[in-house]
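Structure first, then comments.
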Amino acid sequence: MAETTTGRTVFITGAAGGIGRVAVERFVSEGDAVVLADLSLEAVQKVADEIAERYPDAKMLSLAVDQSSEESLREARKAIEDWSGSLDVIALVGGTVQAVGASVLELTTEEWDRVHNTNLRGVFLASRELVPLLPKDSGASVIAVASYWGRSGHAFYSSYCTSKAGVISFVQCLAGELAESGIRVNAVAPGNINTGMHQAALASEAVERGISFEEMRDIEWAKIPLKVAGPPKSIADAIYFLSSDNASYMTGATVDVNGGVIFV
Ligand SMILES: NC(=O)c1ccc[n+]([C@@H]2O[C@H](COP(=O)([O-])OP(=O)(O)OC[C@H]3O[C@@H](n4cnc5c(N)ncnc54)[C@H](O)[C@@H]3O)[C@@H](O)[C@H]2O)c1
């Protein structure tokens, strides 16, 4: 197998988010070219501009991509074909949480579908549309971001938990299909990571309980064996590792990076 850990072309969804932007910088810092994809072109371009200040020679392409839309992903594929012709790494970081906790008896079909469309259908569609850009037998790989909430169910969050459990299963299915082509497929299951998504979840739970954000944060962080929400870099490092030759014998795996919040 060819050595592939520098000078690669990497596609990252959720690139304007807390974990995604750190993942972009991780790959750029290693000399890889990166396609930054997220819902807002303005938001990803801002991330690219910030990273370019630290890495003036970085090769980056900003794209508005909705990973829940076939049409949007097909447009992205055309843009990538024009820009680089192929990809070496597909990192599907984009995701969304349920707007509010709701029991199965109260959860609307629209909210179930909205979460699943991005988190699970989006991982399926992005894989179907973009895996053809990965060369065979050259160390290429797909990495999807699941969640520790996909490792076990949580009351009132059935849509989010099942979408992420689906991602863990999906990477096993795709890994089995692509093994013959020498393309690896893995997932990372983060625990609580200190991004906007985590802070928004703490803030809404604090409002529901009538306590301050700080009190809510202390309650939640006290439940984590390592006593703190993880830095986004911990997930970016795991994504990078899975894409690298150091993980060349790993496929179909989900790597738990969660401060010990669940032991699988
Ligand atoms: N932060 C955590 O505690 C945590 C824990 C477990 C799993 N995760 C997962 O990690 C991933 C990144 O989360 P984050 O903390 O950076 O959240 P974030 O909200 O900061 O970033 C998520 C990004 O995904 C983008 N996105 C949403 N829907 C999209 C779509 N349809 N197409 C393309 N992009 C879309 C958003 O615009 C946003 O930029 C998500 O999949 C999330 O479910 C996060």
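Each reported figure results from applying straightforward, stated rules to the coordinates on display, with no laboratory input. No experiment lies behind these values; they were computed from the predicted model shown. Don't worry about glycine lacking a Cβ; one is built from the backbone with ideal geometry, like all the others, and counts go over all protein chains shown.
Brief remarks on what is shown
- Taking 0.36 nm per residue of sequence separation and removing the Cα-Cα distance, the Ala200/Trp221 pair yields an extension gain of 6.1 nm.
- Within region 213-264, chymotrypsin sites (Phe, Trp or Tyr not before Pro) in DSSP loop having at most 10 other beta-carbon neighbours inside 10 Å: Tyr249, Phe263
- Of the residues Leu242, Leu41, Leu92, the one that moves most in a GNM of the chain with alpha-carbon contacts below 10 Å is Leu41.
- Counting only DSSP H runs of at least 4 residues, each contributing -39500 (n - 2.57), and dividing by the residue count of the chain, the helix-based mean residue ellipticity at 222 nm comes to -13500 deg cm²/dmol.
- For region 136-202 versus region 230-264, the spacing of their alpha-carbon centroids is 10 Å.
- Peptide packing: for 12-18, 231-237, the average count of neighbouring Cβ atoms within 10 Å per residue gives the ranking 12-18, 231-237, highest mean first.
- A DSSP coil position with no more than 10 other Cβ atoms inside 10 Å describes the following trypsin sites (Lys or Arg not before Pro) in region 123-191: Lys136.
- Angle between the chain longest axis and helix 213-222 axis [Cα atoms, degrees, rounded to 10]: 70 degrees
- Acute angle (nearest 10 degrees) that the helix 41-54 long axis makes with the longest principal axis of the chain, alpha-carbon atoms: 70 degrees
- Exposed GluC sites (Glu not before Pro) absent - longest run of the chain, DSSP non-H/G/I/E/B, at most 14 other C-beta within 10 Å: 107-264
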